[in-house]
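A.B. asks: Here it is, the structure in full.
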C-alpha cells in the first residue's frame, strides 16, 4: 500500500489582542488513522461527550471530561501517532511594503506558508516512492466558490515546489476538501488545542465580564484546561514556550520528526512596534 498522510486543518482568532492568525494542523498516517480515530471516538463515548467537542464548549461542568480526552489525545501525540503544528503571528511584527494583493489574499498566503513549512514534509520521505497527502479543512471562511478554487490551487501548487517535488510529496487537488468538524474527531481535538493556545497567548484567562470584580467560572475552567494541555506539552518538551517557534536542537529534520511544534510566523521584511505588545499595554493600564 502506498504511503499517505492525512492533514486536518483549522484556524482561530484572525485578529487577537497580542497574537493573530492562528492556524493548526493534525497529521496522521493513513495506516494509523483507523486506530487513532477509534481510540478517540471510544473515549468520547466513555466520557458521554455526545455533542461536538470544541474549545468554545468548555465549561465548569465539562472541563474534567475535556482533560480526560486531551490526555488520550496527547498520549497519541507522544507516541507520534499524531503530529500537531500550531502557527500564529505576533502583532508587534508589522510587515513592510505590503501590496493590495497581499492584504486581499492574506488568508491564502498564510495558510500556504503553514502547509508548506510547518510539518517539514520534505524531510518525511526518503523511500524514493511517491507519498500522497490528503488535506481536510474545517469549513473555510471563504464566501465564493471561485475563491475556494483559488485556495485549493494554492495548496495543490505546493507539490510543484522544488523541496516537495524532490521529496516526491504530492497533494492531489481532488484530495483537498472542506469537511464538517462534527464528523472528524481529530479536527475537534485540534480545535481544543488551538483554542487553548490563542486563549492564553491573548490573555483571555484574565478577562472579566463588564462590571465584574472576579473572572467567570467558564474562564477559570478554560484556564485549568489550558494549564493541563501545557503540562502535557511540557512532558514532551520540558520548559516549552508556547509563544515562540519551537527549536530544532540543531537538526532541521526535527521540523518533521517532532510530534508537537509551534511556529511564530514573522514577515522577513518587518518593523517592530512594541506598543502592540503585552508589556506596553500593561504599562498603559
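Only the coordinates and a few stated rules stand behind these numbers; no lab work does. Everything quoted here is computed from the prediction, not taken from an experiment. Cβ: placed from backbone, ideal geometry, glycine included. Neighbour counts: every protein chain shown.
A.B. asks: Hey, rough spin-label estimate for residue 276 and residue 210, points 7 angstrom out along Cα→Cβ, what's it come to in nanometres?
C.D. replies: 2.7
A.B. asks: What relative contact order, as a whole-number percentage, does the range 4-284 give when Cα pairs under 8 Å and 6 or more residues apart are counted? Walk me through the numbers on the way to the answer.
C.D. replies: Values: 424 pairs, mean separation 87.2, N = 281.
Contact order relative to length: 31 percent.
A.B. asks: Using the beta-carbon distance between residue 252 and residue 173 and R0 = 35 Å, what value does 1/(1 + (r/R0)^6) give for FRET efficiency, to the nearest 0.05?
C.D. replies: For R0 = 35 Å, the calculated efficiency reads 0.75.
A.B. asks: Okay, next question. What number in nm² do you get for the range 105-244 if you take the convex hull of its Cα atoms and divide its surface by four?
C.D. replies: Averaged projected area of the range 105-244's Cα convex hull equals 11.8 nm².
A.B. asks: Fewest first, what order do 75, 10, 174 take by the number of other Cβ atoms within 10 Å?
C.D. replies: Working: 75 14, 10 23, 174 8.
Arranged by neighbour count, lowest to highest, 75, 10, 174 become 174, 75, 10.
A.B. asks: Next question, about the same structure. Tell me, 275, 129, 159 in order of fewest to most beta-carbon neighbours within 10 Å?
C.D. replies: In order of increasing Cβ crowding within 10 Å: 129, 275, 159.
A.B. asks: Still on this model: Can you give the direction-averaged projected area of the convex hull of the alpha-carbon atoms in the range 162-221, in nm²?
C.D. replies: One quarter of the hull surface, i.e. the mean projection, equals 7.4 nm².
A.B. asks: Also, I was wondering about something else. Starting from the exponent 0.38 and prefactor 2.2 Å, build the expected Rg for the range 119-172 from its residue count and divide its actual Cα Rg by it. Provide the component values of the computation, followed by the final result.
C.D. replies: Values: Rg = 12.9 Å, N = 54, 2.2 N^0.38 = 10.0 Å.
So the Cα radius of gyration is 1.29 times the expected 2.2 N^0.38 Å.
A.B. asks: Quick one: grab Rg to one decimal and Dmax as a whole number for the range 4-284, Cα atoms only, in Å.
C.D. replies: Calculated on Cα positions, Rg and Dmax stand at 19.0, 63 Å.
A.B. asks: Moving to a separate point now. Counting helices only, and only those DSSP H runs with n ≥ 4, report the 222 nm mean residue ellipticity of the chain as the sum of -39,500 (n - 2.57) divided by its residues, in deg cm²/dmol to the nearest 500.
C.D. replies: The per-residue figure over the chain is -12000 deg cm²/dmol.
A.B. asks: Right, here's the next one. R0 = 35 Å: FRET efficiency of residue 153 with residue 93, Cβ-based, nearest 0.05?
C.D. replies: Rounded to the nearest 0.05, the efficiency is 0.80.
A.B. asks: Which one, 126, 191, 138, has the greatest fluctuation when you compute a Gaussian network model over the chain with C-alpha springs under 10 angstrom?
C.D. replies: Largest GNM mean-square fluctuation: 126.
A.B. asks: Please compute the alpha carbon radius of gyration of the range 58-127, then divide it by the globular-protein estimate 2.2 N^0.38 Å. Two decimals is fine. Before the final figure, lay out each step's value.
C.D. replies: Numbers: Rg = 18.1 Å, N = 70, 2.2 N^0.38 = 11.1 Å.
Computed over Cα atoms of the range 58-127, the ratio equals 1.63.
A.B. asks: At 7 Å along Cα-to-Cβ for each site, give me the label-to-label distance between residue 104 and residue 41 in nm.
C.D. replies: 4.3
A.B. asks: Which of 72, 189 has the fewest other C-beta atoms within 10 Å, and how do the rest follow up to the most?
C.D. replies: Ascending number of Cβ neighbours within 10 Å: 72, 189.
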